[in-house]
1. If you take the charge dipole of the chain about its Cα centre, with +1 on Lys and Arg Cβ and -1 on Asp and Glu Cβ, which of 105, 40, 65 is farthest toward its positive end?
2. Sorted by accessible area with a 1.4 angstrom probe, largest first, how do 48, 81 fall?
3. Along the positive direction of the dipole of the chain (beta-carbon charges: Lys, Arg +1; Asp, Glu -1; about the Cα centre), which of 5, 80, 50 reaches farthest?
4. Ordering 69, 8 by accessible area with a probe of 1.4 Å, largest first, what comes out?
5. Starting from the Cα of residue 51, step 7 Å along the direction of its Cβ; do the same at residue 2; then give the gap between the two resulting points in nm.
6. With the full set of protein chains in place, find how many percent of the accessible area of the chain is carbon and sulfur; take the probe as 1.4 Å.
7. If you average the sequence gap of Cα pairs under 8 Å that are 6 or more apart and divide by the length of the chain, what percent do you get for the contact order?
8. Within the set of other residues whose C-beta is less than 14 Å from the C-beta of residue 30, count the net charge using Lys and Arg as +1 and Asp and Glu as -1.
Amino acid sequence: MTLELKQSPTLKDIQDYVLQMKKERGFNLTDKFYECCLLAEECGELISAVRKNSKNGSIGSGSHVGNVSEELADVLIYICSLANMHGIDLEQAFRDKEEINKQRTWKRL
Ligand SMILES: [Mg+2]
């Protein structure tokens, strides 16, 4: 099967793509804790990229820092992957959580 993400994909399409991509590339498909570690690592890379791109950001000269776009994509990959490992439909999870969030009272600090 050719790895291809269709135009205007749904979140489910992206989740399915990530599952297929990980199978084809031989990446971890079962160790949820390890996947959480990789997600945390990518979140760190995202923070570095945002910091690098911020007005007052600075980064060590020897550091390799990706751009924000790439790091957001990496984070999305691991979020999709963790959802797949747990049998979670992310779109439905988002809808369900937003229904809960709508009932909450939000306080500004
Ligand atoms: Mg990355």
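1. 105
2. Sorted descending by solvent-accessible area, the residues read 48, 81.
3. 50
4. 8, 69
5. It is 4.2 nm.
6. The C+S portion of the solvent-accessible surface of the chain is 55 percent.
7. This gives 31 percent for the chain.
8. +1
The values are calculated or read from the model by the stated rules, or taken from the named source; none is laboratory data. What you are looking at is a predicted structure, and each value in this text was computed from that prediction instead of being measured. Please note: Cβ atoms are built from the backbone with ideal geometry, for glycine as well, and neighbour counts cover all protein chains shown. Heavy atoms of the whole protein, side chains included, go into the accessibility calculation; ligands, DNA and RNA do not. Shrake-Rupley method; radii C 1.70, N 1.55, O 1.52, S 1.80 Å.
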